[in-house]
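Q: Sharing a structure below in structure tokens format, with a few things to ask.
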Amino acid sequence: MSVQLLTNTVIGLALVGYLAWKQATWRYLDPARIWRGPVVMAGIGIVVLAQSAATIDSQDVVFLGIEALLSVGIGLAMGSRTRFRTVGTPDGKGRTLQSRTGWVGAGLWIALIVVRIGLDVVGARLGAHLLTSTGVILLMLAVNRAARALVVDQRLQHDARTARGMMV
């Protein structure tokens with residue numbers, strides 16, 4: 001094993017661990033910014049793909065479709081697993097919203113990464129080389145985050161309507 005491969009493996013495992021930890025801990029949630037991450041990642045992914053001028057063949061399309069479906073499915077599951085709580089603001093003058101997906105969400109995140117790596121390996125052996133590009137990786141993460149954001153956004157809107165209905 002080369003030093004570069006070992007370094008990449010350690011960095012990758014640390015990143016997966018950090019992202020899993022983020023899923024399991026309470027984080028401040030700003031409903032107005034919930035779509036920012038997916039939009040930024042998708043935009044960067046599209047720009048990177050456009051600059052690479054890669055050719056897309058039928059194997060790429062099949063594997064991209066499979067990966068997109070899995071990314072959406074896991075994102076929807078993560079959104080449905082998201083839990084909310086209202087806490088005091090750090091200045092103590094108001095209330096704010098926090099969210100987390102818990103350890104199940106962390107497991108889903110790890111599953112997404114493992115499935116993605118598996119599809120990359122299988123796809124590369126079958127001639128689908130576009131999967132390993134940075135642009136595709138960013139697009140698939142954006143799809144996952146967008147699916148999660150869609151569910152979270154809908155749940156927040158539903159909770160707000162329900163709360164207003166209860167105040168009447």
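The values are calculated or read from the model by the stated rules, or taken from the named source; none is laboratory data. Model, not experiment: these values are computed from the prediction. Every residue, glycine as well, gets a Cβ built from its backbone with ideal geometry; the counts of neighbours run over all protein chains shown. These area figures cover heavy atoms from the full protein model, side chains too; ligands, DNA and RNA do not enter into them. Shrake-Rupley method; radii C 1.70, N 1.55, O 1.52, S 1.80 Å.
Q: Can you tell me which residues in segment 81-100 are among the hydroxyl-bearing types (Ser, Thr, Tyr) and free of Cβ contacts under 8 Å to residues at least 40 places away in the same chain?
A: Just the residues of segment 81-100 that are among the hydroxyl-bearing types (Ser, Thr, Tyr), to begin with: 82, 86, 89, 96, 99.
Within segment 81-100, 86, 89 meet the criteria.
Q: While we're on this one: Checking residue 65 against (1) open to solvent by 40 Å² or more (accessible area, probe 1.4 Å); (2) out of contact with any helix residue (DSSP H, G or I) (no Cβ under 6 Å at 6 or more places or on another chain); (3) within 23 Å of residue 37 (Cα to Cα): exactly one of these is not met. Which one?
A: Condition not satisfied by residue 65: (1).
Q: Considering only segment 57-74, I want to know if a residue exists there that is among the charged types (D, E, K, R), closer than 14 Å to residue 143 by Cβ and part of a helix (DSSP H, G or I). Steps first, please.
A: From segment 57-74, those among the charged types (D, E, K, R) are 57, 60, 67; that's our starting set.
Next cut, closer than 14 Å to residue 143 by Cβ only: 67.
Still in the running and part of a helix (DSSP H, G or I): 67.
Scanning segment 57-74, I find at least one residue that is among the charged types (D, E, K, R), closer than 14 Å to residue 143 by Cβ and part of a helix (DSSP H, G or I), so the answer is yes.
Q: Turning to a different aspect of this structure: Which of the residues belonging to segment 6-21 are in contact (Cβ under 8 Å) with a residue 12 or more places away in the chain and either open to solvent by less than 80 Å² (accessible area, probe 1.4 Å) or not aromatic (Phe, Trp, Tyr) (or both)?
A: Just the residues of segment 6-21 that are in contact (Cβ under 8 Å) with a residue 12 or more places away in the chain, to begin with: 16, 19-21.
Within segment 6-21, 16, 19, 20 meet the criteria.
Q: While we're on this one: Taking segment 101-142, which residues are in contact (Cβ under 8 Å) with a residue 60 or more places away in the chain and open to solvent by 50 Å² or more (accessible area, probe 1.4 Å)?
A: Those that are in contact (Cβ under 8 Å) with a residue 60 or more places away in the chain and open to solvent by 50 Å² or more (accessible area, probe 1.4 Å): 103, 110, 126, 129, 134, 137.
Q: A further question follows. If the requirement is being within 25 Å of residue 13 (Cβ to Cβ) and among the basic types (Lys, Arg), which of these qualifies: 85, 95, 125?
A: Values: 85 fails: within 25 Å of residue 13 (Cβ to Cβ); 95 fails: within 25 Å of residue 13 (Cβ to Cβ).
None of the other options fit; the residue is 125.
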